[in-house]
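Can you read through this structure? Questions will come right after.
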Amino acid sequence: MIQTLLQYPFDAQTVMKKRKSIKEFLLASDTQFLKKNIAILGGSTTHDIKEMLELFLLDNGIKPAFYESEYGRYWEDAMFDNEALKNMKPDIVIVHTSNRNIINYPSSSNGDAEIDNMLHSQYEHFEEMWDNIREKYACPIIQNNFEMPFYRLLGNKDSSDIHGKTNYMMRLNMMFSKYAQKHSDFFINDINYLSASYGLERWSDPQYWYMYKYCLCTPAIPILGHSISNIIKSIYGKNKKALVLDLDNTLWDGVVGDDGVKGIEIGYDTSMGQAYSEFQNYIKLQKQIGVLLAVNSKNDHENAIAGLNHPEGTLKPEDFLVIKANWNDKDSNIREIAVELNLLPDSFVFVDDNPAERDIVLSNNPGIAAPDIGEIEKYISVIDKAGYFEVTNLSEDDIKRNEMYKENIERIQLKQKYSNYNDYLLSLDMTAQIRDFDSIYIPRIAQLTNKVNQFNLTTKRFSQSDIEDITCDNEYVRLYGKLEDKFGDNGVSTIVIGKKDGRILHIDLWLMSCRIMKRNMEHAMLDSLVQEASKYGIDTIRGCYHKTAKNGIVKDFYKTMGFSLTEQNVNDTVWEMKISDYRNLNHVIKVEIAQ
Amino acid sequence: MERTEILKRVNEIFCEIFDDDTIVIRDETTATDIPDWDSLMQIELVAEHESHFGLRFGMKEVLNMKNVGEMIDIIEDRATK
């Protein structure tokens, strides 16, 4: 099916060949595309790279408008005034360079100091460009590092001797990495790894340089496009959020219902056992960086739990937030898991060795990923290279995510003990921090504006530099909310941004993470917003609801908060409230006063 | 494989790549005969013929091909599919 042609693992040649019909298909879908301006500054031919990147971005719900520099003019475009680029106001700048753009390489007669100088000068050529781009456009930069040279003059010594080109490339790459470590809006597109993984011999076939000035072989272009698109979609919050896993022949070799716990292979005693152990370890590592785990298996529940409790297994029942082990069809299990995790199925990666199960799930859940993982020896490679969980911003929240979800399940269990919902809320002993933006939370705040889709009144997306600007701007009233209760801390999970307009405050942004819904946090936020607004002589608060495919739940939110409808259009409604009429709504959360 | 058979298959490939059923390929056909045939299309045409006929063209061969007929000569000689 054409809709799966871009899903990993894709056939690069087919993607190139059918690019026109794939693009038409993607554009014809009823996705509400996120429109982004993307500048590609090339140190070599970029034409097909742009076309492939466009396909993968469309597949991720992002519609790009491109600026492409004239052949090889990446540095000039970055350093000097460029009307076209300035008028475009890029959201992302991609610098497509390669080792073909290295001006000076060490020669065998150079000494230590000379080579150090050469290296720094080469590095600074790039660093001043990045600093300039940031100053002019204040947007994320995606920069290729360097692939290894396709010949080694010094043979094996080429990598350890300072005169070797390979050694020089490696040192340059380390300097690029250091810059990336210091700037959270700067991302390395690791073509050093990509080319090695693809096969450096094929990737760097010089024929494509001599004939077409491509710094890589054309068959690898879809891989490059896919890699860049992974970084971009991660920046805009479009990573998948959960792995939903089958059990038999996916997490162990064999069928636990037939073979018994002693008959399945997992652990270091056998080859198959080792293969599955490595896979279980990989999944566990994903959990540690914030990926949620669930089980979707055709098994009696007790057999599934027994299999997961195998002494040699790394993954235990507690590692999974939801375990669906039953004889229902896997598709309805997926929908139940989605409801229980308060997520949509299109944020899942369904991992199952059975193609028939994958097909059913794919057909009924548009946007879900269900890769052909092949045989056990390939599982990790397929899932890893697809880039479902590409990291651009590892926050404390990501690392603690599974813990937070678990705590939520404990809350749900507590709720079942109370018949009066208000009493339940009081029993949670909730406290909240509701304050103006603090620089320490800016990355998380930006991340939230890109990830939250359901409780989001206007779905305005902000980059980190946008949030930094708003934080310094006196025209705005800004609040973040951090909710804690006796089970744990939910972290920063709600944001309100209001813009002052005389005596009116326009709410430009109001969003809240699913995990703190139905706790009356929105009431506490509104109490604080009113309090803040009245300090500036505001007498009216105006809010707007922009309808999207995902935010139906907040259609009447302003009404429930006591606002009156003032304007009704097809996709928007506008609401208003007079501060003089307002009475505090929150009676269950203790809000800490700022120092 | 008969040369006429090769020509027929090559014609099909051109029609597919250019998304145009009306293209008719002859030995004398060159890039100037088809409007969309630029250096980037060239890359695709070469790759598709290589894949379809199971052979690789050398760089010099590609640079020296004066028309489609010369490409077919090489295919006649080295095709494995």
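Run down A:Q13, A:Q3 and say which single residue is away from every other protein chain (no Cβ under 14 Å) and surrounded by fewer than 18 Cβ atoms within 10 Å (Cβ to Cβ). Write out each step before concluding.
Working: A:Q13 fails: away from every other protein chain (no Cβ under 14 Å).
When all the criteria are applied, what remains is A:Q3.
Can we say A:L425 is closer than 29 Å to A:G61 by Cβ and either assigned by TED's automatic domain parsing to the domain that holds A:K35 or surrounded by 19 or more Cβ atoms within 10 Å (Cβ to Cβ) (or both)?
No: the conditions fail for A:L425.
Follow-up. So which residues in the stretch A:194-242 are out of contact with any Lys or Arg (no Cβ under 8 Å at 6 or more places or on another chain) and small (G, A, S), if there are any at all?
Answer for the stretch A:194-242, where residues must be out of contact with any Lys or Arg (no Cβ under 8 Å at 6 or more places or on another chain) and small (G, A, S): A:S195, A:A196, A:G199, A:S204, A:G225, A:S227, A:S229, A:S234, A:A242.
May I pose another question? Restricting the search to the stretch B:1-43, which residues are closer than 21 Å to A:L216 by Cβ and either in contact with a Ser or Thr (Cβ under 8 Å, 6 or more places away or on another chain) or small (G, A, S) (or both)?
Residues satisfying the conditions are B:S39, B:I43.
Can I ask one more? Is there any pair with a first residue in the stretch A:425-439 that is without any contact (Cβ under 8 Å) to a residue 60 or more places away in the chain and over 15 Å from A:L585 (Cα atoms) and a second that is among the polar types (S, T, N, Q) and crowded, with 18+ Cβ neighbours inside 10 Å whose Cβ atoms are under 7 Å apart and which are 6 or more apart or on different chains, and what are they?
Note: no pairs meet the criteria.
Right, something else. Hey, among A:Y71, A:Y105, A:Y67, which residue is over 23 Å from A:A386 (Cα atoms) and within 14 Å of chain B (Cβ to nearest Cβ)?
A:Y71
Related question: Criterion first (of a type in the set (S, T, N, Q), touching a residue at least 60 places away in the same chain (Cβ under 8 Å) and closer than 23 Å to A:G237 by Cα) does A:T4 satisfy it? Explain how you work it out, then say what you get.
On the way: of a type in the set (S, T, N, Q): yes; touching a residue at least 60 places away in the same chain (Cβ under 8 Å): yes; closer than 23 Å to A:G237 by Cα: yes.
Yes; evaluated as a whole, the condition is true for this residue.
Hey, another quick one. Just one of A:A39, A:A84, A:A28 is among the small types (G, A, S), more than 14 Å from chain B (Cβ to nearest Cβ) and under 21 Å from A:I232 (Cα atoms); which is it?
A:A39
Ok, one more. Among the residues of the stretch A:216-229, is any in contact with a Ser or Thr (Cβ under 8 Å, 6 or more places away or on another chain), more than 23 Å from A:L55 (Cα to Cα) and surrounded by 18 or more Cβ atoms within 10 Å (Cβ to Cβ)?
no
While we're looking at this one, here's another question. If the Cβ limit is 6 Å and pairs must be 6+ apart or interchain, which residue in the stretch A:453-465 that is assigned to a loop (DSSP other than H, G, I, E, B) pairs with which residue that is aromatic (F, W, Y)?
Partner pairs satisfying both residue conditions: A:L457/A:W510; A:L457/A:Y545.
Can you tell me how many residues in the stretch A:316-333 are in contact with a His (Cβ under 8 Å, 6 or more places away or on another chain) and either over 17 Å from A:L243 (Cβ atoms) or surrounded by fewer than 17 Cβ atoms within 10 Å (Cβ to Cβ) (or both)?
1
Could you grab me the full set of residues in the stretch A:517-568 that are exposed (fewer than 14 other Cβ atoms within 10 Å of the Cβ), at positive phi and under 29 Å from the mean Cα position of the chain (by Cα)?
Within the stretch A:517-568, A:K518 is the sole residue that qualifies.
Identify, by number, the condition in (1) closer than 30 Å to A:P443 by Cα; (2) in contact (Cβ under 8 Å) with a residue 24 or more places away in the chain; (3) among the aromatic types (F, W, Y) that A:Y198 doesn't meet.
All conditions pass for A:Y198, except number (1).
Only one of A:S277, A:S271 is exposed (fewer than 13 other Cβ atoms within 10 Å of the Cβ) and either of a type in the set (A, V, I, L, M) or without any contact (Cβ under 8 Å) to a residue 40 or more places away in the chain (or both). Can you tell me which?
Details: A:S277 fails: exposed (fewer than 13 other Cβ atoms within 10 Å of the Cβ).
Step by step, each of A:S277, A:S271 is checked, and only A:S271 is exposed (fewer than 13 other Cβ atoms within 10 Å of the Cβ) and either of a type in the set (A, V, I, L, M) or without any contact (Cβ under 8 Å) to a residue 40 or more places away in the chain (or both).
Can you work out which of the residues in the stretch A:249-268 that are outside any loop (DSSP other than H, G, I, E, B) and touching a His at 6+ places or on another chain (Cβ under 8 Å) is farthest from A:K330 (Cα to Cα)?
Once the filter is applied, the top-ranked residue is A:V261.
What are the residues in the stretch A:201-229 that are touching a residue at least 60 places away in the same chain (Cβ under 8 Å) and away from chain B (no Cβ under 11 Å), if any? Steps first, please.
Filtering the stretch A:201-229 down to residues touching a residue at least 60 places away in the same chain (Cβ under 8 Å) leaves A:209, A:212-216, A:218-229.
Residues satisfying the conditions are A:C215, A:L216, A:A220, A:P222, A:I223, A:L224, A:G225, A:H226, A:S227, A:I228, A:S229.
Given the condition surrounded by fewer than 16 Cβ atoms within 10 Å (Cβ to Cβ), within 34 Å of the chain's Cα centre (by Cα) and outside any loop (DSSP other than H, G, I, E, B), answer yes or no: does some residue in the stretch A:138-156 qualify?
no
Which residues, counting only those in the stretch A:471-488, are part of a strand (DSSP E or B) and either modelled with pLDDT of 95 or more or surrounded by 18 or more Cβ atoms within 10 Å (Cβ to Cβ) (or both)?
Those that are part of a strand (DSSP E or B) and either modelled with pLDDT of 95 or more or surrounded by 18 or more Cβ atoms within 10 Å (Cβ to Cβ) (or both): A:Y476, A:V477, A:R478, A:L479, A:Y480, A:G481, A:K482, A:L483, A:E484, A:D485.
Within the stretch A:211-239, track down each residue that is part of a loop (DSSP other than H, G, I, E, B) and either on the phi > 0 side of the Ramachandran plot or not basic (K, R) (or both).
A:K213, A:Y214, A:C215, A:L216, A:C217, A:Y236, A:G237, A:N239
Follow-up question, since we're still on this one. Just checking, which of A:I504, A:I553 is of a type in the set (A, V, I, L, M) and free of Cβ contacts under 8 Å to residues at least 60 places away in the same chain?
Testing whether each residue is of a type in the set (A, V, I, L, M) and free of Cβ contacts under 8 Å to residues at least 60 places away in the same chain leaves just A:I504.
For the stretch B:32-41, which positions are free of Cβ contacts under 8 Å to residues at least 12 places away in the same chain and within 14 Å of chain A (Cβ to nearest Cβ)?
B:D38, B:S39, B:L40 - these are the residues of the stretch B:32-41 that are free of Cβ contacts under 8 Å to residues at least 12 places away in the same chain and within 14 Å of chain A (Cβ to nearest Cβ).
Next question. Please enumerate the residues belonging to the stretch B:53-70 that are within 13 Å of chain A (Cβ to nearest Cβ) and buried (at least 16 other Cβ atoms within 10 Å of the Cβ).
Those that are within 13 Å of chain A (Cβ to nearest Cβ) and buried (at least 16 other Cβ atoms within 10 Å of the Cβ): B:F57, B:V62, B:M65.
Can you tell me which residue within the stretch A:196-210, out of those that are assigned to a helix (DSSP H, G or I) and touching a Ser or Thr at 6+ places or on another chain (Cβ under 7 Å), is farthest from A:H47 (Cα to Cα)?
If we filter the stretch A:196-210 for residues that are assigned to a helix (DSSP H, G or I), which is where we start, we get A:196-198, A:200-203, A:207-210.
In the following step, the residues that additionally are touching a Ser or Thr at 6+ places or on another chain (Cβ under 7 Å) were identified as A:203, A:208.
Working: A:W203: 17, A:Y208: 14 Å.
Result: A:W203.
What's the number of the only condition in (1) assigned by TED's automatic domain parsing to the domain that holds A:N328; (2) touching a residue at least 24 places away in the same chain (Cβ under 8 Å) that A:R358 fails to meet?
The one condition A:R358 does not meet is (2).
So, one more: Any chance you could count how many residues in the stretch A:208-241 are in contact with a Phe, Trp or Tyr (Cβ under 7 Å, 6 or more places away or on another chain) and closer than 30 Å to A:N342 by Cβ?
So the count comes out to 5.
Of everything in the stretch B:1-30, what is more than 14 Å from chain A (Cβ to nearest Cβ), surrounded by 15 or more Cβ atoms within 10 Å (Cβ to Cβ) and modelled with pLDDT under 90? Give them in sequence order.
Once the filter is applied, which keeps residues that are more than 14 Å from chain A (Cβ to nearest Cβ), surrounded by 15 or more Cβ atoms within 10 Å (Cβ to Cβ) and modelled with pLDDT under 90, the stretch B:1-30 yields nothing.
The values are calculated or read from the model by the stated rules, or taken from the named source; none is laboratory data. As the structure is a prediction and not an experimental result, all values here were calculated from the model. Positions of Cβ are generated from backbone atoms using ideal geometry, with glycine treated the same way; all protein chains shown enter the neighbour counts.
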